[in-house]
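Reviewing the structure listed below.
The values are calculated or read from the model by the stated rules, or taken from the named source; none is laboratory data. These numbers come from a predicted model, not from an experiment. Here the Cβ is made from the backbone with ideal geometry for all residues, glycine too, and neighbour counts use every protein chain on show.
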Amino acid sequence: MRLRLQALVACSFCVCIVPALQASPVAELFVLDRGAFGGAGGIIRLAFRTPQDALSLAGDLMSPAGIGIDPAGENLYVAYMGSAAIARIQLYPTMSTVLASAGELQRPAAIAVAENGDLYVADLGELDGAAKVLRIDGATGAQSIVSSGGNLVAPSGLVLDASGDLLVVDRDAFGGGGGLIRIETGTGEQSLVSSGGSFLDPNGVALSDGGVLVVDEAAFGTGGVIRVDLTTGAQTILSTGGSFVAPKAIAVPAPFHEIYVVDSEAQSGSGAVILVYPWGEQEIYASGENFAEPVAIAAIWRITAVQPSSWSRIKFLFR
């Protein structure tokens, strides 16, 4: 998507045509890294391959596990499994607060944010209890259970589909091989989308224009990205091998086709974000610098104005 913005500036001697700008969508990525910044952990911000920016995590909360971003791109949410808490990080200006803690929250692992600002949280539950999916009011932090038990054993990723229902990936469901579960947000009813096949340790899920994508840490020996047909549950391999070592999370910022995968052990163990194209080709998108133990990713796209170098001259039309 590209738009040209051209300004005409008039003066008594001439009309200046200011070089046209291109308004281009740019992916903005937020990578949750448990070991970044000297072991303190934090969020690494990546935007169009610019240098890595850092966002600090709350120092008194433990074991960050999942990250989400609201549709407006104004707030990040981090799930702290060790503190049974969800923190909100306002991006502009940066400010962190605890949105919800304790209550039904026990071991929150992943977050999806709805259009209305409410959060859906995959929670592993107590060690001897049932896993569940919670709804958290984005304004008040009030908690309610959407669905628990059933097929849920160790939910590790979730995403909202076009109808407002949840697609939840569970790494231990269906006898331990994991699977993809649909949950109706209104009723909490669960139904199987896909299991078996290439699934061995599915960790993350994202929507793309080609359907739903699941990243599996153990599939094919090195992990991989699997496309799932939501109607039939059929699985097809999109990408495996290459730079993958232990892929853990996935994001597809609409309206792009590019797929961003976090691999915690790529690049000799320090981790990386791997760009996967729709045809399966891989490319290291970001690594090094602050990367140490990346475990989760959130993504959004923004419009930025860019002046191409080919439009570097101002033309004067004398009258």
message: Being under 22 Å from A206 (Cβ atoms) and either of a type in the set (A, V, I, L, M, F, W, C) or surrounded by fewer than 19 Cβ atoms within 10 Å (Cβ to Cβ) (or both) is the filter here; which residues of the stretch 89-117 pass it?
response: I89, L91, A109, A110, I111, A112, V113, A114, E115, N116, G117
task: Please note which strands (runs of 3 or more DSSP E) are completely contained in the stretch 97-203 and include at least 1 residues that are under 12 Å from I86 (Cβ atoms).
output: 108-113, 119-123, 132-136, 143-148
- request: Taking the options V214, V193, V205, V168, name whichever one is more than 18 Å from the chain's Cα centre (by Cα), crowded, with 19+ Cβ neighbours inside 10 Å and of a type in the set (A, V, I, L, M).
  value: V193
query: Are any residues in the stretch 94-121 under 16 Å from F30 (Cβ atoms) and either free of Cβ contacts under 8 Å to residues at least 12 places away in the same chain or of a type in the set (D, E, K, R) (or both), and if so, which ones?
result: M95
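Yes/no per residue for (1) out of contact with any Asp or Glu (no Cβ under 7 Å at 6 or more places or on another chain); (2) under 15 Å from V121 (Cα atoms):
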residue	(1), (2)
G157	yes, yes
F174	yes, no
G197	yes, no
L200	no, no
L207	no, no
G211	no, no
T236	yes, no
message: Among the numbered criteria (1) modelled with pLDDT under 95; (2) surrounded by 16 or more Cβ atoms within 10 Å (Cβ to Cβ); (3) charged (D, E, K, R), which one does K248 miss?
response: (1)
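Tally time: how many residues in the stretch 132-158 are under 20 Å from F199 (Cα atoms) and buried (at least 22 other Cβ atoms within 10 Å of the Cβ)?
5
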query: Any idea which of (1) farther than 22 Å from D165 by Cα; (2) of a type in the set (G, A, S); (3) part of a loop (DSSP other than H, G, I, E, B) is the one S239 doesn't satisfy?
result: (3)
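Of all the residues that make up the stretch 264-304, how many are assigned to a loop (DSSP other than H, G, I, E, B), within 19 Å of E28 (Cα to Cα) and either in contact (Cβ under 8 Å) with a residue 40 or more places away in the chain or of a type in the set (G, A, S) (or both)? Don't jump to the end; show me each part of the working.
Let us first name the residues in the stretch 264-304 that are assigned to a loop (DSSP other than H, G, I, E, B), namely 264-271, 277-281, 288-293.
Add one more test, that the residue is within 19 Å of E28 (Cα to Cα), and what stays is 271, 277-278, 288-291.
So of that shortlist, the ones also either in contact (Cβ under 8 Å) with a residue 40 or more places away in the chain or of a type in the set (G, A, S) (or both) come out as 271, 278, 288-291.
Of the residues in the stretch 264-304, 6 are assigned to a loop (DSSP other than H, G, I, E, B), within 19 Å of E28 (Cα to Cα) and either in contact (Cβ under 8 Å) with a residue 40 or more places away in the chain or of a type in the set (G, A, S) (or both).
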field: Selection from the stretch 252-285 of residues that are farther than 18 Å from P202 by Cα, hydrophobic (A, V, I, L, M, F, W, C) and at pLDDT 95 or above
entry: A272, L275, I284
